[in-house]
Structure formats: structure tokens, C-alpha cells
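A.B. asks: Take this structure, written in C-alpha cells, and hold onto it; I'll ask about it next.
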């Protein structure tokens, strides 16, 4: 299954940022138990590459593991070395897109304007991440879909159970979810079941508008 279809089938990419290395396995396991299959570890997290390696070793057959916040080729090289299967960027960087394609790695570049959507697509990206949607809103994606409906879009930024229906109805094929899913208080207390419940709720809200 290609990357676009994988996102369309699973809807959610869980964004893991700024957690400690000791928590990565229980957090990822909690996400998986809640139905999440795609996770990204952001490269600006301390020990990100090692965490990606740990996840691949422990959960590589269950999760599709990628690297987020890939800002340059140095980040990309580290991510590939750790076994990342895809890159996520906050911006359009044609060098990173080409690097991903050359190394047979999937890529989800961040875009905001129509110009950037088309730029990323022409550079070789098959899908784009509209960011930050907490500021742009779901109607922005709906408007982008007017002339650019042939380019699949993932909504990222401020996505939570209360607004997932808005983004899906606007035309998003998937959602990148971080803060509302990766509960820092739950991690601190060791109650990883809260993350599983949050994942289940998120997917339930998506199913209500996609079935």
C-alpha cells in the first residue's frame, strides 16, 4: 500500500514531540492499542533518532514510523539511519523532497499557501500537510480543495476530537495530531491508558463522518 492510501485508510498521524526516551515505547504502545498505526517522532526531540530505532525494533511490524520536523539533509540522513519510513516537514523544501524520493522514503511536506501546495506537488510530493490549521481553519482547506482537489491534504495544527469532523468534511484525507493526543500529564503519571482512550475517541469521531 502506498503512503497516500495508508493515510487515507488510517486517517491519523500521531505527532510525538518532546517526550523522554524512557516513555517512547509505552506511548507508542498506547497509541497502537487505541487504533493509531502511523507515528512520527520529531527530529527536534532529544534523542529522536534513537527513539525511532527503538520503535522500529519493538513495534516496527505494527506501526509505520516516520520522522517529523525534518529541516535539512542532516536530519534526513539521521532519520533514514534510524529506520524512518517517511519524513514530515513544517515547510516546503525541495531539496528534502528530492532527497526523500531519491532514497525511496515517503514525504509529507508542510504547506500553507496555494503556491506552496503546487510547488510541493510539482517537486514530487504525492500528499501535503496543511499547517497550521489551528490558525487557517477547516474552511481554508475547503477553499484549497476547490482548484487543488487532485492533491491530497492532511490537516495539522490544533486538531482535536471536537473539530475532526470539520476537517474531514472540508476535504482533508488525514489528520496530524499531537498535543491533544500525547497527554503530558498522563505520561508524567505513567497512566498511558489515557492516551489509548484519547486515540479511540479521536478515531471514533472520524468514523462518525467517514462511514
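We did not get these values from a lab; they are worked out from the coordinates using the rules stated. Being a predicted model, the structure only gives us computed values, none of them experimental. Please note: Cβ atoms are built from the backbone with ideal geometry, for glycine as well, and neighbour counts cover all protein chains shown.
A.B. asks: Any chance you could run the full-extension gain for residue 102 through residue 149? It's 0.36 nm times the residue separation minus the Cα-Cα distance, nm to one decimal.
C.D. replies: 14.3 nm
A.B. asks: I'd like the distance between the alpha-carbon centres of the range 160-211 and the range 1-25, rounded to an integer number of Å.
C.D. replies: 12
A.B. asks: For residue 197 and residue 25, FRET efficiency with R0 = 22 Å and r from the beta-carbon atoms, rounded to 0.05?
C.D. replies: Efficiency at R0 = 22 Å is approximately 0.75.
A.B. asks: When you count, for each residue, the other Cβ atoms within 10 Å and take the mean per peptide, how do 165-172, 64-71 rank with the highest first?
C.D. replies: Taking the mean over residues of other Cβ atoms within 10 Å, the ranking is 64-71, 165-172.
A.B. asks: Using only the C-alpha atoms of the chain, find the volume of their convex hull and express it per residue in Å³.
C.D. replies: 107
A.B. asks: Then there is this: What FRET efficiency comes out for the pair residue 56/residue 77, r = Cβ-Cβ distance, R0 = 22 Å, nearest 0.05?
C.D. replies: 0.85
A.B. asks: What FRET efficiency comes out for the pair residue 113/residue 5, r = Cβ-Cβ distance, R0 = 25 Å, nearest 0.05?
C.D. replies: 0.40
A.B. asks: Run the simple label-point estimate for residue 134 and residue 33 please: 7 Å along Cα→C-beta, distance reported in nm.
C.D. replies: 2.7
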